[in-house]
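The values are calculated or read from the model by the stated rules, or taken from the named source; none is laboratory data. Values in this document were obtained by computation on a predicted structure and should not be read as measured data. Note that we place each Cβ from the backbone using ideal geometry, even for glycine, and neighbour counts take in every protein chain shown.
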Amino acid sequence: MNHLAIHNPATGALITTVDADDAASVADKAGRARAAQTAWAATPLAARKACIERFAAAVRAELEPLAAIMTRETGKPIKMSRNELNGLMGRIDFFLGAVDATLATETVFADGGMTEQIDHTPLGVVANISAWNYPWFVGGNVFVPALLAGNAVLYKPSEYATLTGLAMARLLHAAGVPADVFIALVGGAEVGAALQAQPIDGLFFTGSHATGERIAQALGPRLVKLQLELGGKDPTYVCDDANPQVAAESLADGAMYNTGQSCCSVERIYVHASIHDAFVTAFLATVNSFKVGDPAAEDTYIGAITRAPQLAVLEAQVADAVAKGATLHCGGHRLPGPGNWFAPTVLTGVDHSMTIMQEESFGPVIGIQKVASDAEAVGLMNDTRYGLTAGVFTPNEARARTLLAQVRAGTVYWNCCDRVSPRLPWSGYGDSGVGLTLSTYGIQTFTRPKAWHLRQA
Ligand code: NAD
């Protein structure tokens, strides 16, 4: 048996050590999931829904301790941990409300004794290799609809959110999901690699582009359904007619919420030259109001950096930008430990020769670039290999719609940012991934449409 040590990123202290999986235990769990899936699929949808309803009630009842666990192992500020758990309730409500109609058999043709129907059958055994930054959101986006649709789920939480992943398993089992229908796997990259090698019917991955690419290469020849929800370099353009104060307050939050460790964090800001200076002044005032500190404290806004290696990435991006002529207004450096800390950082005078405007930062770091026209802004917004979200601030809806229609992004925002809705599909262009979660499409994606041609004898 392997072991996994779990540390608090805010203090560096060991929280606990848990038993971890190895190749043999992963294979055993995959076999158990396979054996259990058929009976789960045959369980009436109403009974599967009842399990998820009880699960949601249990999460609600344990919200405080669950938030505290997530905060301890990820460094997420406690208020944001509560927000995530409360947000999960809305997502579960959506899935419960939409699943009957989405999975219902459709009769698409009936004439002269010939009937054509579409059935939505479960994929079978699906693997979910997940990320740590919003473990309940990105995990729940997969396991809630996957279980409702009749799949067995092999869930590997990130090694940085293991205790949260084990809590999900405990609560699902207590809610009536059979032990072998939802199985957690504990460990890091090796356990993820062992999981992807199993005879699975779908792999749903949330994480970095580098890991996603590796998984896609390994899985490609096996023709297993693969979804990849990867990173972003999400831009927002503030037009000349926008209110600089309102836009700055919203975008500072969008850039720094969850310590900038959101897949849809605002990662690049373009501001029209005519309001650039007013915007930067308001942006800096907002960032300076963010309290950095103990993630367990109620008034903390900026918590710890979850993964220590990310500190070097942030330092390198700042150094590259400053070396190429950017102006550093605040931060730009680590904060004293113990634990992993980086000061909120704002740079102006940036351009696309700098990694900070090209590669995901995933930290409390933002570059603001001055632009002269809408056309220049659209060109820059599209000048990236990613395409998760993009936004425009302007009071003029027609202008926003015209601009956002030209931007390659799965999600676009008018006068808002860093927002996810369970009613809308979540997907990306380019290196932000393939496939989607959420919305009714995010239920169907865990099923295979089966075509029935039925002729009366
Ligand atoms: P990561 O790629 O380091 O790890 C993700 C998961 O993959 C973990 O469970 C890890 O153990 C596993 N893994 C690592 N190497 C593996 C391998 N070789 N084979 C199989 N599994 C392996 O990413 P992370 O640091 O956990 O997450 C941060 C990234 O996730 C960011 O890029 C962020 O933008 C992205 N993200 C995207 C979305 C989205 O919806 N698009 C949501 C959240 C996070």
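Checking Asn151, Asn128 one by one, the residue that is within 15 Å of the ligand (Cβ to nearest atom) and in contact (Cβ under 8 Å) with a residue 40 or more places away in the chain is Asn128 and no other.
Would you check if Thr206 is more than 30 Å from Leu454 (Cα to Cα) and either under 24 Å from the mean Cα position of the chain (by Cα) or of a type outside the set (Phe, Trp, Tyr) (or both)?
Criteria met by Thr206.
Right, Glu159: within 16 Å of the chain's Cα centre (by Cα), over 27 Å from Gln358 (Cβ atoms) and within 12 Å of the ligand (Cβ to nearest atom) or not? Here the answer is yes, as Glu159 does meet what is asked. Just one residue in the set Gly325, Gly337, Gly379 is surrounded by fewer than 17 Cβ atoms within 10 Å (Cβ to Cβ) and at pLDDT below 95; that residue is Gly337. Where helices (runs of 4 or more DSSP H) fall wholly inside region 164-269, the ranges with 1 or more residues that are buried (at least 24 other Cβ atoms within 10 Å of the Cβ), at negative phi and near the ligand (Cβ under 10 Å from one of its atoms) are 189-196.
In summary, strands (runs of 3 or more DSSP E) completely within region 110-160 and bearing 2 or more residues that are assigned by TED's automatic domain parsing to the domain that holds Ala68 and crowded, with 24+ Cβ neighbours inside 10 Å occur at 125-129, 152-156.
Considering only residues of region 255-289 that are in contact (Cβ under 8 Å) with a residue 60 or more places away in the chain and within 20 Å of Ile78 (Cβ to Cβ), which is nearest to the chain's Cα centre (by Cα)? Show your work before the answer.
Taking region 255-289 as the starting set, the residues that turn out to be in contact (Cβ under 8 Å) with a residue 60 or more places away in the chain are 255-273, 276, 279-280, 283-284.
Checking the rest, the ones that are also within 20 Å of Ile78 (Cβ to Cβ) come to 256-262, 265.
Working: Met256: 16, Tyr257: 14, Asn258: 12, Thr259: 14, Gly260: 13, Gln261: 10, Ser262: 7, Ser265: 10 Å.
Filtering first and then ranking leaves Ser262.
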